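Worksheet for the structure shown next.
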Amino acid sequence: MHVSRPSAIGAGMLFTGAGIAHFAKPDFFEAIVPDWIPNAALANRLSGAAELAFGLAMLHPRTRKLSALGLFALTIAVFPANIDMAVNRVEPQVVEGQFSRRVGTATGPLNWVRLPLQLPLLWWLWKEYRAASVPTG
């Protein structure tokens, strides 16, 4: 019998919600995609779909191990965007009712604070990966 871990369910809900947000408010997420990525809309859809799929997969014990590993890899894959936001002082600003990417306008430490916060998130996902059982039969 598989027992659901509350922390795994929490991770699943967090990433499922984030995945849904990518589709509910795509202009916000597209505004934080680095300029060196050629298609912000596609990057948003792909990362949102991955968060949604892996987040939902965290909710079931049989798919949890693969999902935790996928979310761990995804968190690392999007880390350069977090660095870009901090270094280039990126701030999504509302222009004519939609979010737009503004470079050099962000003030305060928020973009920098996000960087070390990725470490506990990675630790949490790695813990869930290690705790999840390998699916059998």
Q. Got a sec? Which of Pro61, Pro34 is in a loop (DSSP other than H, G, I, E, B) and touching a residue at least 60 places away in the same chain (Cβ under 8 Å)?
A. Pro61
Q.
I'd like to check something: does segment 96-110 contain any residue that is part of a helix (DSSP H, G or I), out of contact with any helix residue (DSSP H, G or I) (no Cβ under 8 Å at 6 or more places or on another chain) and modelled with pLDDT under 95?
A. yes
Q | Subset of segment 1-31 [in contact (Cβ under 8 Å) with a residue 40 or more places away in the chain, among the aliphatic types (A, V, I, L, M) and in a loop (DSSP other than H, G, I, E, B)] | A | Val3
(Q) Yes or no: segment 112-119 includes at least one residue that is touching a residue at least 40 places away in the same chain (Cβ under 8 Å), over 15 Å from Val33 (Cα atoms) and either assigned to a strand (DSSP E or B) or under 18 Å from the mean Cα position of the chain (by Cα) (or both). (A) yes
Q: For segment 56-89, enumerate the residues that are in contact with a His (Cβ under 9 Å, 6 or more places away or on another chain) and either at pLDDT 95 or above or buried (at least 17 other Cβ atoms within 10 Å of the Cβ) (or both).
A: Arg64, Ser67
Q.
Conditions first: (1) within 27 Å of Glu128 (Cβ to Cβ); (2) in contact (Cβ under 8 Å) with a residue 60 or more places away in the chain; (3) aromatic (Phe, Trp, Tyr). Phe99 passes all but one, so which condition is the exception?
A. (1)
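For (1) within 20 Å of Gly10 (Cβ to Cβ); (2) part of a strand (DSSP E or B); (3) in contact with a Ser or Thr (Cβ under 8 Å, 6 or more places away or on another chain), each residue gets a yes or a no:
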position	(1), (2), (3)
Pro38	no, no, no
Gly48	yes, no, no
Ala86	no, no, no
Leu125	yes, no, yes
Tyr129	yes, no, no
Q) Going through segment 89-104 one residue at a time, which ones are among the small types (Gly, Ala, Ser) and over 18 Å from Asn44 (Cα atoms)? A) Gly97, Gly104
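The values are calculated or read from the model by the stated rules, or taken from the named source; none is laboratory data. Being a predicted model, the structure only gives us computed values, none of them experimental. In this analysis, Cβ positions are derived from the backbone assuming ideal geometry, glycine residues included, and neighbour counts consider all displayed protein chains.
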